Amino acid sequence: MGMDRMAGAAVIDGKRFAAGLLETISVDVARLKDETGNVPGLAVVLLGADPASAVYVGSKHRQTVAAGMRSFKYELPEETTEDELMTLIGRLNADPEVHGILVQLPLPAHIDAGAVIQGINPDKDVDGFHISNAGRLATGQPALVPCTPLGCLMLLKDRLGADLSGLHAVVIGKSNIVGKPMAQLLLSENCTVTTVHSRSRNTPELCRMADILIAAAGRPGLVRGDWIKPGAVVVDVGINRVERDGKSRIVGDVAFEEARHAGAITPVPGGVGPMTIACLLSNTLTAFRRQHPVKAD
Ligand code: NAD
């Protein structure tokens, strides 16, 4: 569903899938409002005036409202202290109208981002970065899962069906926000999982074994055609700004034109990117439901 073809590989339309997911979320939110009189609320906290972060926060705010949820936006000055930020997070943790909390990264250098993330109530940690959520994911307990890997998994299941068991998945990258949770999610789906990273020795050979290849290295064009097994499903998480023909463009980690023999591939832009905000709202809905379990009659 939702695919064009690029002479060979199917191109997975993440934008269309994300729009469908947002539509489903809006319907669920409207139903919850009827049933409970309450809607999920998402608080987004931004420090400073980084232009890219401001764009992300603006877009998260608009889509939260469009889905029928409440959006609480906190735009604080760059010089906000860690204590002040922690005080705000403490307030949001205790606020029953706030079901999800997201602190936009990166934070200014004078703030310990790790400490701030650990200060968020794990049940409201819709980014899924809290150590408790990482631990829950790794041990198979209900977790809030980081949005980007969650979006990748949804696209994979849409393409390959719900059962991924036994497939060999190779994940390029081992960051805490993409690579590691992606590998854990695929393990929980009973894939055979290999993680490769900048110190791996035989990355192209390992990638060629993949039925599912996830590229999350942040290196433009790293994955060449001969790294891809014919028929593999390739998910390109990379977002890299490059200068081409005097123009600034966004490209992924995969040399897209060389991937014609893949079974399917996500384009950049328009693949994984649009899924991330949709999954943020999906996580906010999940957090709301866990905070308001439906009582059996
Ligand atoms: P990161 O820099 O924290 O981690 C990159 C990982 O890639 C590291 O583990 C590193 O070992 C590995 N790596 C680097 N060079 C490599 C190489 N030559 N071979 C093999 N592995 C290599 O980055 P991140 O935060 O995980 O993000 C990765 C990419 O995904 C970036 O381009 C980022 O912009 C993008 N991203 C996209 C979304 C989205 O919404 N689509 C969300 C988050 C991140």
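The values are calculated or read from the model by the stated rules, or taken from the named source; none is laboratory data. Predicted model, so just to flag it, every value in this text is computed and none were measured. So basically every Cβ, Gly included, is an ideal-geometry build from the backbone, and we count neighbours across all protein chains shown. The accessibility values were calculated without ligands, DNA or RNA, using every heavy atom of the protein model including side chains. Shrake-Rupley method; radii C 1.70, N 1.55, O 1.52, S 1.80 Å.
Summed over segment 236-269, the residues that are surrounded by 15 or more Cβ atoms within 10 Å (Cβ to Cβ) and modelled with pLDDT under 95 give a count of 0.
Can you tell me which residue within segment 98-139, out of those that are away from the ligand (no atom under 16 Å from the Cβ) and open to solvent by 70 Å² or more (accessible area, probe 1.4 Å), is farthest from residue 48 (Cα to Cα)? Here the residue is 139. Scanning segment 83-97 for residues that are out of contact with any strand residue (DSSP E or B) (no Cβ under 6 Å at 6 or more places or on another chain) and open to solvent by 10 Å² or more (accessible area, probe 1.4 Å) yields 83, 84, 86, 87, 88, 90, 91, 93, 94, 95, 96. Which one is surrounded by the fewest Cβ atoms within 10 Å (Cβ to Cβ), of the residues in segment 224-235 that are out of contact with any Cys (no Cβ under 6 Å at 6 or more places or on another chain) and closer than 19 Å to residue 275 by Cβ? Within segment 224-235, the match that is surrounded by the fewest Cβ atoms within 10 Å (Cβ to Cβ) is 233. For segment 180-213, the set of residues classified as within 13 Å of the ligand (Cβ to nearest atom), surrounded by fewer than 22 Cβ atoms within 10 Å (Cβ to Cβ) and closer than 20 Å to residue 275 by Cβ consists of 180 only.
Within segment 157-179, the set of residues being polar (S, T, N, Q) and either open to solvent by 60 Å² or more (accessible area, probe 1.4 Å) or within 11 Å of the ligand (Cβ to nearest atom) (or both) comprises 175, 176. Taken across segment 277-297, residues that are of a type in the set (S, T, N, Q), away from the ligand (no atom under 15 Å from the Cβ) and open to solvent by 50 Å² or more (accessible area, probe 1.4 Å) do occur, with at least one present.
To keep it simple, each residue is scored yes or no on (1) assigned to a helix (DSSP H, G or I); (2) at pLDDT 95 or above; (3) among the β-branched types (Val, Ile, Thr); (4) at positive phi.
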{"position": "33", "(1), (2), (3), (4)": "yes, yes, no, no"}
{"position": "71", "(1), (2), (3), (4)": "no, yes, no, no"}
{"position": "87", "(1), (2), (3), (4)": "yes, yes, yes, no"}
{"position": "93", "(1), (2), (3), (4)": "yes, yes, no, no"}
{"position": "98", "(1), (2), (3), (4)": "no, yes, yes, no"}
